[in-house]
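Everything below concerns the one structure shown next.
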Amino acid sequence: MSTFLQFFLHWLTSPAQWSGPDGVPARVGEHLYYTLLALAVAIVLALPVGLYTGHTGRGGFLAASIANFARALPTIGLLVIIVQGLGIGLLPPLIVLVALAIPPVLINTYEGIRNVDAELKDAARGVGMTGTEVLFRVELPAAMPLILLGLRTAAIQIVATATVAAYVGLGGLGRFIFDGLSRQDYQALAGGTVFAVLLALAVSLVFMLLRRLLVPRGVRLQEKA
Amino acid sequence: MEWQWLPGHLDDLAAATVQHLQLSLLPVLLGLIISLPLGIVSVRWRWTYPPIFGVANLLYAVPSIALFVFMSQYVTGLSVASAIIPLALFTLSVLVPNVVDGLKQVPDPVRQAATAVGFGTLRRLMQVELPIAVPVIVAGVRVATVASISLGSVAGIMGLGGLGQLFQDGQQRDIPSEVFAGIVLTIVLAFVCDLILVVVQRALTPWTRARKGAAA
């Protein structure tokens with residue numbers, strides 16, 4: 001472990017890491033870009049399906065099966081075969097990262113909405129809300145903690161896995177890892193790894209903030225009790 | 001896609017599959033062996049849960065490639081252990097919370113009843129609380145197993161064996177059918193293992209079926 005730390009510190013303090021297209025800021029930027037893009041696409045695809053299946057209770061088995069299937073996909077193999085089909089570009093890693101992010105988003109949304117207290121739903125209908133109103137004004141806020149948890153899991157998985165983009169020639173923090181590997185430059189490898197973990201920690205922090213902003217106070221209080 | 005690669009390499013595929021099973025399932029077993037005591041400790045002394053959970057999550061955020069390289073460079077060399085140890089660490093972030101949730105959802109009356117008929121803490125844990133927690137724990141084991149099988153292929157591109165070798169070889173020599181075979185085998189392996197776990201869970205918890213039967 002101490003060699004790892006020495007490597008990292010040496011790498012970190014060398015000025016070459018801090019500028020240009022191969023510098024840490026540029027690579028972190030690319031990594032964040034892949035992450036946000038993949039997360040956004042996964043949310044657009046999986047959140048509505050989770051909301052619908054959770055709200056109606058229909059298609060839940062199908063949603064769970066899709067999620068399970070996506071979980072079983074081997075990231076690297078998928079990436080290689082898509083690149084062989086489509087060529088090098090942003091699309092192959094994006095597809096792979098989205099496939100990775102769909103299961104946690106889909107399952108948590110579905111389970112979150114479905115498991116909202118039945119009395120709460122009945123009460124909402126009782127005061128005259130329509131189905132859509134029940135979904136967006138009652139079920140969604142009540143399920144928000146679980147949905148955010150799913151998004152967080154997805155985001156952290158993407159951050160850790162976006163490093164594979166470099167395996168097919170793209171940028172991001174994986175560049176340090178794969179280039180370090182092929183050049184036997186383990187300082188770069190250690191550096192890329194530490195920044196990927198730091199980025200994941202930052203993502204966790206962002207989700208703690210989101211939780212404060214998006215989870216209604218009543219739901220938070222209920223969770224504590 | 002050209003398919004002539006496949007018929008001549010069935011032996012290789014079988015060998016890679018067996019190796020993949022070993023390098024992806026042993027970690028789940030190891031992970032479970034570590035998670036059970038960690039989960040039990042987290043439930044009994046609640047203050048220990050945030051740090052345990054935090055460390056498990058932090059490990060999960062480490063890119064798998066980096067951990068495989070780190071192990072094979074500095075710790076266990078170019079052996080299957082360099083795949084197994086990181087994969088086992090990755091399972092903790094799924095398994096520990098499930099052990100904790102499983103134990104926490106044991107109804108208080110059940111716990112009190114066990115104490116009332118004279119069970120000590122340890123016996124209550126082994127004979128009452130853990131069995132009741134089995135469905136939740138197995139749910140975690142299923143997720144961990146599928147994830148480990150899929151993640152295990154990353155170990156292959158690092159030269160640690162298993163189905164991931166097919167991805168690397170297929171990429172370098174441009175044989176799409178080899179990559180494709182690796183993907184299909186990984187998915188099939190994941191599904192078969194998942195199915196086996198469902199059966200195991202049914203065998204371990206006969207009472208869940210009995211109750212459903214009674215309600216119907």
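Just so it is clear, none of the values below were taken in a lab; they were calculated from the coordinates. Please read these numbers as outputs of a predicted model, since none were measured by experiment. All Cβ positions, glycine included, derive from the backbone under ideal geometry; neighbour counts span all protein chains shown.
Membrane-span-like helices in chain B: DSSP H runs reaching 27 Å or more (Cα, own axis), mean Kyte hydropathy at least 0.0? Write out the running numbers ahead of the final one.
Values: long enough: B:10-44 (51 Å, 1.39); B:81-104 (34 Å, 1.51); B:130-157 (40 Å, 1.86); B:176-204 (42 Å, 1.96).
TM-like helix candidates: B:10-44, B:81-104, B:130-157, B:176-204.
With viscosity set to 0.890 mPa s at 25 °C, what whole-number translational diffusion coefficient in µm²/s follows for segment A:150-225 from Stokes-Einstein and a Kirkwood radius over Cα pairs? Numbers along the way, then the final one.
On the way: Rh = 14.0 Å.
Roughly 175 µm²/s, to the nearest whole number.
Any chance you could run the full-extension gain for residue A:6 through residue A:183? It's 0.36 nm times the residue separation minus the Cα-Cα distance, nm to one decimal. Mind showing how you got there, number by number?
On the way: separation 177, 0.36 × 177 = 63.72 nm, distance 1.84 nm.
The residue A:6-residue A:183 span can extend by a further 61.9 nm.
Could you tell me which residue out of B:145, B:10, B:122 lies farthest along the dipole of chain B toward its positive end? Charges go on the beta carbon: Lys and Arg +1, Asp and Glu -1, centred on the Cα centre.
The listed residue farthest towards the positive side: B:122.
What distance in nm separates the simple spin-label points at residue B:117 and residue B:188, each placed 7 Å from Cα in the Cβ direction?
Going by the 7 Å Cα→Cβ label model, 4.7 nm.
Give, as ranges by residue number, the residues of segment B:79-115 whose backbone N falls under 15 Å from the point 7 Å along Cα→Cβ of residue B:12.
Residues passing the 15 Å test: none.
For segment A:181-191, what does the Karplus curve 6.51 cos²θ - 1.76 cosθ + 1.60, with θ = phi - 60°, yield as ³J(HN,Hα) per residue in whole Hz, taken in order and with x for Gly and Pro?
3J(HN,Hα) across segment A:181-191, in whole Hz: 5, 6, 8, 6, 9, 6, 5, 4, 4, 4, x.
When a footprinting reagent is the concern and you count Cβ atoms within 10 Å, what order do A:11, B:47, A:18 take, fewest first?
Details: A:11 22, B:47 7, A:18 12.
With the sparsest Cβ surroundings first, the list reads B:47, A:18, A:11.
Over the whole of B:54-61, what's the average partner chain Cβ count within 10 Å per residue? Rounded to a whole number, please. Walk me through the intermediate numbers first.
Working: counts 1, 0, 0, 6, 5, 1, 6, 12.
Per residue, the number of nearby Cβ atoms from other chains is 4 on average.
Averaged over its residues, how many other protein chain Cβ atoms are within 10 Å of peptide A:62-74's Cβ atoms?
5
What are the extents of the Cα atoms of the protein assembly as shown along their three principal axes, listed from largest to smallest and rounded to whole Å?
63, 48, 46
Considering amide H positions built from the backbone, and no H for Pro or chain starts, which residues 5 or more places from residue A:173, or on another chain, come under 5 Å of its amide H?
Amide H to amide H, under 5 Å and 5 or more residues apart or across chains, residue A:173 pairs with A:31.
Whole-Å semi-axes of chain A's equivalent ellipsoid, largest first, each the root of 5 times a Cα gyration tensor eigenvalue?
On the way: eigenvalues 310, 85, 31 Å².
Listed largest to smallest, the semi-axes of chain A are 39, 21, 12 Å.
Kindly provide the helix-only [θ] at 222 nm of chain A, computed as the sum of -39,500 (n - 2.57) over DSSP H runs of four or more divided by all residues, to the nearest 500 deg cm²/dmol? If you can, show how the numbers build up before the last one.
Values: 10 runs with 171 residues, N = 225.
-25500 deg cm²/dmol, from helical runs alone.
Shielding of B:66-74 by partners, i.e. mean partner chain Cβ atoms within 10 Å per residue?
That works out to 5 on average.
Over chain B, consider all pairs of different Cα atoms and compute the Kirkwood hydrodynamic radius from their mean reciprocal separation; express it in Å, one decimal.
Working: mean 1/r = 0.0524 Å⁻¹.
It is 19.1 Å.
For chain B, what is the mean residue ellipticity at 222 nm derived from helices alone (per DSSP H run of n ≥ 4: -39500 (n - 2.57); sum divided by total residues; nearest 500 deg cm²/dmol)? Could you put the intermediate results ahead of the total?
Numbers: 10 runs with 168 residues, N = 216.
Result for chain B: -26000 deg cm²/dmol, rounded to the nearest 500.
Enumerate the whole-percent occupancy of each 10 Å bin, from 0 to the last occupied one, for all C-alpha pair distances of segment B:73-125.
20, 28, 20, 18, 12, 2
Within segment A:143-225, which trypsin sites (Lys or Arg not before Pro) sit in a loop by DSSP and count at most 11 neighbouring Cβ atoms inside 10 Å? All intermediate terms of the calculation are to be shown ahead of the outcome.
Details: sites: A:152, A:175, A:183, A:211, A:212, A:217, A:220, A:224; in loops: A:183.
For trypsin sites (Lys or Arg not before Pro) across segment A:143-225 that sit outside H, G, I, E and B with at most 11 neighbouring Cβ atoms in 10 Å, the list reads A:183.
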